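What follows draws every value from the coordinates through simple rules; no lab data is involved. Because the structure is a prediction, the values reported are computed rather than measured. Neighbour counts run over all protein chains shown; Cβ positions are idealised from the backbone, glycine included.
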Amino acid sequence: MNPLFALTRLDPLDDRLAMRASVLGFEVLRIPVFATEPGPDLPSLPRRVATLRDGTAIAWTSRRAAEPLAHAVAGMRRDGPFPVMYTLGEESLAPLHRAGCSPLTPGNGARAADLARFIAGRAVEDRIQRVLFLRGDRSLPDLPQGLEKAGIEVIPLEVYRTRFIEADLDGLTRWLENDAPVVIGFYSPSAVTGLERLLDGGARDRLHVRAAVIARGPTTAAELVARGFRNVFQPEGAVKFEDMAVGVLETTTSGPR
C-alpha cells in the first residue's frame, strides 16, 4: 500500500506540492474540512478602506482576510499612497502584492503575538495610533490584545466566517487501519478542529500517534501539539513550507519513523 499524503483543503496553491508528493509515490487525498463565507462586515470593507483616517493602519493574519482586502484596494481611486499595512508570512502577503501594495511583515515563522509586537515597535515611525484588524469569526485574540496592551486602538472588522463541513474520511481511516505511512498537511487551527470532529476516538488516537503532520505556521503547529499529535513539523528559519513538507515526505518514504 503506497503512503498517503492528505491535504486538509482544496486549493490550487497546493497543486505543486501534491504533484511532488505523487512523484515520490504517495497517494494524494484532498479533504477540505471547512468553508469560508462572507462575514457581516465584508460589505463595508471597500468604504472603510477608502476613507481611512490618517494614523490608521490595516492588519490581518490570514489569506482569507487578505483576498477581500486586495479586491477592495484594486477598486480604489487613490490620489496618495496606500495606507500602512501589516501581516504575517508569504501566503497572507501574496494577494496584496498582486494588488500593488507592500505590506510590512515580521517574516516567516511569526505568530500573531509577534505581529502585534512588530506593529507596536514601528508605531511611532509609521505614525499610526489605530489599526483596522481584518478577522474571521474564529480568529485568535493575540493580535488585538497585544496592540491594545501597547496603547494602540483596534477596530475589528469581521470579513469572513468559518463553517465546518462534512468530509469523506474513508480513505484516511483505511490507511490508518492498514498501518500504512500517513502524512497530513494542516494550514490553520480551524483545519485541525475540522478534521478531528469527524473522527471517532480510535481513529483520532491512531492519527495522533502514527501520522506525520506538517503545519503551515507556528500557531497551527501549537494547536496540533496541544491536541496530542506526536510527529509535528513546521518551517524553521528561512525554510519555505513546501520545501519543509517535501523533506518530511522524503523521510517518510525512506523507511519507518
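Assorted remarks:
- The label point for residue 102 and the one for residue 243, both projected 7 Å from the Cα toward the Cβ, are 2.4 nm apart.
- Estimated FRET transfer efficiency when R0 is 35 angstrom, pair residue 236-residue 76 (beta carbons, to 0.05): 0.40
- Highest mean packing comes first when the peptides 243-252, 55-64, 179-188, 119-128 are listed by Cβ atoms within 10 Å, giving 55-64, 179-188, 243-252, 119-128.
- Antiparallel content of DSSP bridges confined to the chain, in %, to 5: 15 percent
- Rounded to whole numbers, the Karplus 3J(HN,Hα) couplings from phi for the range 160-166 are 8, 10, 9, 10, 6, 10, 6 Hz, using 6.51 cos²θ - 1.76 cosθ + 1.60 with θ = phi - 60°, and x at Gly and Pro.
- The trypsin sites (Lys or Arg not before Pro) of the range 66-106 that meet both conditions, a loop assignment by DSSP and at most 11 other Cβ atoms within 10 Å of the site Cβ, are 77, 78.
- Among 238, 167, 50: highest mean-square fluctuation, GNM of the chain, C-alpha pairs under 10 Å: 238
- Using a simple spin-label model with pseudo-atoms 7 Å out from Cα toward Cβ, residue 13 and residue 179 lie 3.8 nm apart.
- Sequence-distant residues sharing a close amide H with residue 28 (under 5 Å, placed H): 5
- Computed [θ] at 222 nm, deg cm²/dmol, the chain (DSSP H ≥ 4; -39,500 (n - 2.57); rounded to nearest 500): -12000 deg cm²/dmol
- Measuring how big the range 25-150 is from its alpha-carbon positions, Rg and Dmax come out at 15.4, 54 Å.
- A simple rule links phi to the HN-Hα coupling: the Karplus curve 6.51 cos²θ - 1.76 cosθ + 1.60 with θ = phi - 60°, which for the range 93-101 gives 8, 4, x, 6, 4, 5, 8, x, 9 Hz, with x for Gly and Pro.
- The chain: radius of gyration and largest Cα-Cα distance (Dmax), Å: 19.6, 62
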